[in-house]
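Here, each number is a calculation from the coordinates, and none is a lab measurement. The shown structure was predicted, so the numbers you read here are calculated from the model rather than taken from an experiment. Neighbour counts are summed over all protein chains in view; Cβ atoms, including those assigned to glycine, are modelled from backbone coordinates with ideal geometry.
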């Protein structure tokens, strides 16, 4: 098998040129892989909820640290070249990517907690955060560390595999708290992560799923498998959850929106000894007041959850065996050239958009 394909010197990518401005260029240099790296032809990349703030420039100077920059981190593709020392992966392998690559040697990385690497942001240590600090997947080709890719099982398409990151974020949170077999779970915020959490909780043994939301997203949850839906614009979600559970509360509550007030709600809707997991990423100005004594006296456990460490292979296997369906979460697909339309569709939830996928190299 050849070490690499014929690879163009330049390719197309969606390039951020300054805060709030981007353009599709065809002159982006294709970097060949270095030691323990592979070059991937990006076949599908999903728009993440964090991408719009990166494109707006809300976090300019940090995400990204400088311009020009290529964002995007929820991707799947095929390996077209391998670098020195790569033995586990080969040209032609289908792989799904992760955004995080830890330094590998700090205390957290050695414990497998590389998404909270102690050398975060220090690329000189080997740390990389694709699509945030170093260039990502909104282009035809990109180079990745072998630490940040996982082989895709044959039954899983590139488009489904691009959902590996979203589903992995949900699964990591569910693993932190555990799921009570036969229990009841509340999901606050039926966006892509919340919908994945809903389905994974069922796959892991929850008997009932209560989803709290509004509008088209709540309608999607109802169609996609929620047992009970609560519209927070029509009734108090805590009172509704308590009523549904006979006053007991849910076993686990997953906050998936990052909206103000929902952390407090999650705490008050779990049972004594219940667990709350924070999957939604709030903005810096969201500060919650919590019932301190209530948390203490009821032994409520609270978990912060960041990204998707060590779960990609689990998610992909669940997809491959039919235990996790993500096909119907992908509502829209666009070529790279139409990225502006894709971003608008995602941000404004046009046509009840849930997950929007970009195809940088065209239809597969």
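Placing a label point 7 Å from the Cα of residue 222 along the Cα-to-Cβ direction, the residues of the range 178-192 with a backbone N closer than 19 Å are 186-192. Whole angstrom only: what separates the Cα centroid of the range 272-331 from the Cα centroid of the range 34-58? Using only Cα atoms, the two centres lie 22 Å from each other. Against the chain, whose longest principal axis is taken from its Cα atoms, helix 215-224 shows a tilt of about 90°.
Modelled spin-label separation between residue 31 and residue 154, with each label point placed 7 Å from Cα along the Cα-to-Cβ direction: 3.6 nm. By the gyration tensor of its Cα atoms, with a ≥ b ≥ c the square roots of the eigenvalues, what is the shape of the range 29-73: rounded for a/c under 1.5, prolate for a/b over b/c, or oblate? Taking the square roots of the gyration eigenvalues as a ≥ b ≥ c, the range 29-73 is oblate.
Taking each residue as 0.36 nm, the span from residue 6 to residue 333 lengthens on full extension beyond its C-alpha to C-alpha distance by 115.0 nm.
Descending by average beta-carbon neighbour count within 10 Å, the peptides 6-19, 291-304 line up as 6-19, 291-304, the highest first. Each peptide among 162-174, 29-41 gets the average number of other Cβ atoms lying within 10 Å of its residues, and from highest to lowest they stand as 162-174, 29-41. Can you figure out the FRET efficiency of residue 272 with residue 364, using R₀ = 35 Å and their beta-carbon distance, to the nearest 0.05? My answer for the efficiency is 0.10. Is the shape of the range 1-116 best called rounded, prolate or oblate, per the rule: a/c under 1.5 gives rounded, else a/b larger than b/c gives prolate, else oblate, with a ≥ b ≥ c the square roots of the Cα gyration tensor eigenvalues? Cα axes put the range 1-116 in the oblate bin.
One chain, two ends: residue 301 and residue 283. Fully extended at 0.36 nm per residue, the span grows by 4.2 nm beyond their Cα-Cα distance. In whole percents, the pair-distance distribution calculated for the range 206-357 from its alpha-carbon pairs, binned every 5 Å from zero, is 2, 8, 13, 17, 19, 18, 12, 7, 3, 1, 0, 0.
Applying 1/(1 + (r/R0)^6) with R0 = 22 Å to the Cβ-Cβ distance of residue 320 and residue 147 gives a FRET efficiency near 0.50. Note on residue 84/residue 259: beta-carbon distance plugged into 1/(1 + (r/R0)^6) with R0 of 45 Å gives a FRET efficiency of 0.45.
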